[in-house]
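Below you'll find the structure, written out as structure tokens, and then a few comments.
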């Protein structure tokens, strides 16, 4: 049976029965991490593994050794320079993995919004705008603006589970640095403000009242980061 090794010689597989190896779902369960995190640990070489029968497997011996290295020292003594703080490393690795999963869960929304922003930034730069186009953007923003703002709030609240807020419970710089969706939403707000000002300066007085139709338009000029901060703090506290 062919075997490919991730971090040990292929011969090790032949010297050990396959039954002595654990598949990734069981490895993830024992480490209390996601299967995606366990796979990342294997591919980075932090957790020795082999590839057998179309799946990564970790030996019981290597898994036990990894867990022993991550054991918390309750004596209160700081690890010496020759004794790495495995518990701290495992905690940080788990935190980074959780943040990566949060970013991934919002990737489709972020990528779609970034494409939308690219299109409108190009149209603004080219001057390819008339009153119907501007009105259409502002009308589309009526449901889209609050939906995107709510998505930013949701991501920040998820991030707050693993990244500390400020002492008074507000969004910290560290939380904003980890937020993947807010930069795209900020671009969208910037475009909206430009088009709202353009509507007021160019079209509001020249278009008849009936031309605007009955649809509501988003008020991009009313958006404030301070309001977002307050919503995040309130929802995080209630959650």
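By the count of neighbouring beta-carbon atoms within 10 Å, fewest first, 58, 152 end up ordered 152, 58. Taking the number of Cβ atoms within 10 Å of each Cβ as an exposure proxy, the fewest-first ranking of 194, 43, 182 is 43, 194, 182.
FRET efficiency for residue 96 and residue 20, Cβ-Cβ distance as r, R0 = 35 Å, nearest 0.05? That pair, residue 96 with residue 20, gives E of 0.70.
Computed from the C-beta positions of residue 193 and residue 166 and an R0 of 30 Å, the FRET efficiency is 0.65 to the nearest 0.05.
The fewest-to-most ranking of 59, 107 by surrounding Cβ atoms within 10 Å reads 107, 59. Find how much the distance from residue 133 to residue 111 grows on full extension, using 0.36 nm per residue of separation minus their present alpha carbon separation; answer in nm with one decimal. So the extension gain works out to 5.7 nm.
Where a number appears in this text, it was derived from the coordinates with a stated rule and is not lab data. The structure displayed is predicted, hence computed values, not measured ones. Using ideal geometry, Cβ is built from the backbone for each residue, glycine included, and neighbour counts are taken over all protein chains shown.
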